[in-house]
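The values are calculated or read from the model by the stated rules, or taken from the named source; none is laboratory data. Since the structure is predicted, the reported quantities are computational estimates derived from the model, not experimental observations. Using ideal geometry, Cβ is built from the backbone for each residue, glycine included, and neighbour counts are taken over all protein chains shown. SASA here: full protein model, heavy atoms, side chains in, ligands and nucleic acids out. Shrake-Rupley method; radii C 1.70, N 1.55, O 1.52, S 1.80 Å.
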Amino acid sequence: MCCALQFLENISPDKLSLSAEEFDHFMEGHSSHLEEALSNKFASGLLDNINRVKDCEDKVRQLQSYHDKLRDNTEQLQVDITKHKAEVHKSLADMRAKFSSLEEEMAKLLNS
């Protein structure tokens, strides 16, 4: 009890790391501005986190859209490559056929 009384007699804003205004406010029995400040800070932090999550969701949607376009373009490129490969093979076959035909004609001319 003596220690509690001595503490109360010697209490000061400096020893509690409070401004004189805050000290007087608490000593008069008013509610804590600190609680209100912490509550506002918590709400503000929570709102910031919610906004960060929304930003991340937007970025994920953008990345998904980019991925979808990239996949579609890749699939189209595969189709185009397959088509081009078939065209090259057909052209080579046509050239071989013409070359064979020319060889046969040359052979006939040489044998005549």
Going residue by residue through the stretch 28-37, is there one that turns out to be modelled with pLDDT of 75 or more and surrounded by 10 or more Cβ atoms within 10 Å (Cβ to Cβ)? no
Residue list for the stretch 38-56, filter: open to solvent by 80 Å² or more (accessible area, probe 1.4 Å) and at pLDDT below 80: L38, N40, K41, F42
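Quick grid of which residues meet (1) open to solvent by 100 Å² or more (accessible area, probe 1.4 Å); (2) in contact with a His (Cβ under 9 Å, 6 or more places away or on another chain); (3) at pLDDT below 95:
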residue: R61; (1), (2), (3): yes, no, no
residue: Y66; (1), (2), (3): yes, no, no
residue: V79; (1), (2), (3): no, no, no
residue: K83; (1), (2), (3): yes, no, no
residue: K98; (1), (2), (3): yes, no, yes
residue: S101; (1), (2), (3): no, no, yes
